[in-house]
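**Student:** Sharing a structure below in structure tokens format, with a few things to ask.
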Amino acid sequence: MRAIVRAWRAEGKRVGFVPTMGALHEGHLSLVEAARKECDAVAVSIFVNPTQFGPSEDLAQYPRTLEADLGLLAKVGVESVFAPSVEAMYPAGYSTFVEPPQVAVPLEGHCRPGHFRGVCTVVLKLFQIVPADRAYFGQKDFQQSLVVRRMARDLDLPLEIVVCPTIREADGLALSSRNRYLSPAERRQALAIARALRAGSEEMARGERSAAALRSMMRDILHGAGIERIDYVAIADPETLDEVATLKRPAMALIACHVGTTRLIDNAMLG
Ligand code: PAF
């Protein structure tokens with residue numbers, strides 16, 4: 001893989017890289033599309049990374065749809081797909097991990113201990129294997145994009161991190177590989193997440209500046225839809241993810257909650 005990418009770069013091609021865990025949807029394809037627009041050759045990785053899943057999370061049931069994924073990528077047109085086995089990425093004796101940056105500590109870091117350690121480790125490994133000029137991530141995993149950006153800066157990684165907008169269904173549901181776990185009734189319930197984020201944004205536009213008031217209103221919307229298990233409704237500084245009390249400038253609203261047995265996350269900029 002590294003030889004292929006180096007040969008492209010030796011030809012003067014700009015290389016774009018889209019790391020994924022497969023179960024591809026329009027959100028992933030929008031990253032590929034952005035990479036295709038800005039680069040001369042595009043590589044995609046498909047790897048369900050075990051080190052970013054906690055012991056009680058959905059690693060075993062995470063959708064693995066390699067044939068369908070390859071079909072989609074052939075249709076949109078990418079130069080190369082890297083789909084390694086777990087043994088190739090983590091052979092016997094593997095024991096080196098990346099300590100994630102500070103921005104990995106709150107929110108997902110708090111709810112999913114070890115998650116970002118696994119993400120940083122696999123992303124750094126993938127960047128070594130696919131030495132691209134630009135790597136593309138989705139804003140849907142907003143904290144992940146900050147974590148990867150910070151890691152790239154702190155470790156002097158020679159590539160640019162590009163973050164692309166979240167892709168939504170017409171009714172607002174953010175695309176996620178985990179949406180396929182939802183029953184039709186749960187899918188309807190899940191719409192409350194985007195509704196809560198929209199309401200937060202509208203309330204801020206109407207002049208509400210208290211983060212506590214906005215959080216409470218957003219929680220009410222989730223509860224109203226029957227979503228009981230809420231990991232967090234946060235309003236945070238978009239660079240550091242520190243909680244803000246009063247919105248003096250644009251802030252990020254982030255939600256993580258469980259719809260049935262499916263954990264979903266979403267976010268939106270307020271202001
Ligand atoms: O966002 C994802 O799909 C994963 O966290 C990533 C970046 C491919 C690392 O496994």
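The values are calculated or read from the model by the stated rules, or taken from the named source; none is laboratory data. None of these values were measured; they are calculated from a predicted model. Glycine gets a Cβ as well: all are built from the backbone with ideal geometry, and neighbour counts include every protein chain shown.
**Student:** Between a residue in the stretch 236-257 that is free of Cβ contacts under 8 Å to residues at least 40 places away in the same chain and any residue that is of a type in the set (V, I, T) and surrounded by 15 or more Cβ atoms within 10 Å (Cβ to Cβ), which pairs come within a Cβ distance under 6 Å, given they are 6 or more apart or on different chains?
**Tutor:** D237/V244; V244/I235
**Student:** Could you say which residue among V122, V86, V81 is touching a residue at least 12 places away in the same chain (Cβ under 8 Å), within 19 Å of the chain's Cα centre (by Cα) and within 15 Å of the ligand (Cβ to nearest atom)?
**Tutor:** Among V122, V86, V81, only V122 is touching a residue at least 12 places away in the same chain (Cβ under 8 Å), within 19 Å of the chain's Cα centre (by Cα) and within 15 Å of the ligand (Cβ to nearest atom).
**Student:** Just to confirm my filter: which helices (runs of 4 or more DSSP H) fall fully inside the stretch 127-227 and include at least 3 residues that are small (G, A, S), surrounded by fewer than 19 Cβ atoms within 10 Å (Cβ to Cβ) and away from the ligand (no atom under 16 Å from the Cβ)? It would help to see each step written out before you state the result.
**Tutor:** Details: elements: 142-154, 184-205, 211-224.
Of the helices (runs of 4 or more DSSP H) lying wholly inside the stretch 127-227, those with at least 3 residues that are small (G, A, S), surrounded by fewer than 19 Cβ atoms within 10 Å (Cβ to Cβ) and away from the ligand (no atom under 16 Å from the Cβ) span 184-205, 211-224.
**Student:** In this structure, is Y62 at pLDDT 95 or above, surrounded by fewer than 19 Cβ atoms within 10 Å (Cβ to Cβ), of a type in the set (F, W, Y) and under 30 Å from L254 (Cα atoms)?
**Tutor:** Considered against the rule, which asks whether it is at pLDDT 95 or above, surrounded by fewer than 19 Cβ atoms within 10 Å (Cβ to Cβ), of a type in the set (F, W, Y) and under 30 Å from L254 (Cα atoms), Y62 comes out as yes.
**Student:** Right, something else. Note down all Cβ pairs under 9 Å where the first residue falls in the stretch 171-187 and is within 15 Å of Q61 (Cβ to Cβ), the second is of a type in the set (D, E) and surrounded by fewer than 18 Cβ atoms within 10 Å (Cβ to Cβ), and they're at least six residues apart or on different chains.
**Tutor:** Close Cβ pairs satisfying both conditions: R178/D58; N179/E169; Y181/D58.
**Student:** Quick one: which residue in E208, E160, E202, E186 is within 19 Å of T262 (Cβ to Cβ) and among the charged types (D, E, K, R)? Write out each step before concluding.
**Tutor:** Details: E208 fails: within 19 Å of T262 (Cβ to Cβ); E160 fails: within 19 Å of T262 (Cβ to Cβ); E202 fails: within 19 Å of T262 (Cβ to Cβ).
The conditions single out E186.
**Student:** Quick check on my filter: what residues within the stretch 12-22 are within 11 Å of the ligand (Cβ to nearest atom) and more than 16 Å from K75 (Cβ to Cβ)?
**Tutor:** Residues satisfying the conditions are F17, P19, M21.
**Student:** Just the residues that are more than 19 Å from the chain's Cα centre (by Cα) and closer than 13 Å to V122 by Cα, please, taken from the stretch 92-105.
**Tutor:** First, pick out the residues of the stretch 92-105 that are more than 19 Å from the chain's Cα centre (by Cα): 92-97.
Result: Y94, S95, T96, F97.
**Student:** I'd like the full set of residues that are among the β-branched types (V, I, T) and under 21 Å from the mean Cα position of the chain (by Cα), limited to the stretch 239-271.
**Tutor:** T240, I255, V259, T261, T262, I265
**Student:** Might you let me know whether the stretch 222-235 holds any residue that is in contact (Cβ under 8 Å) with a residue 12 or more places away in the chain and more than 24 Å from R112 (Cβ to Cβ)?
**Tutor:** Yes.
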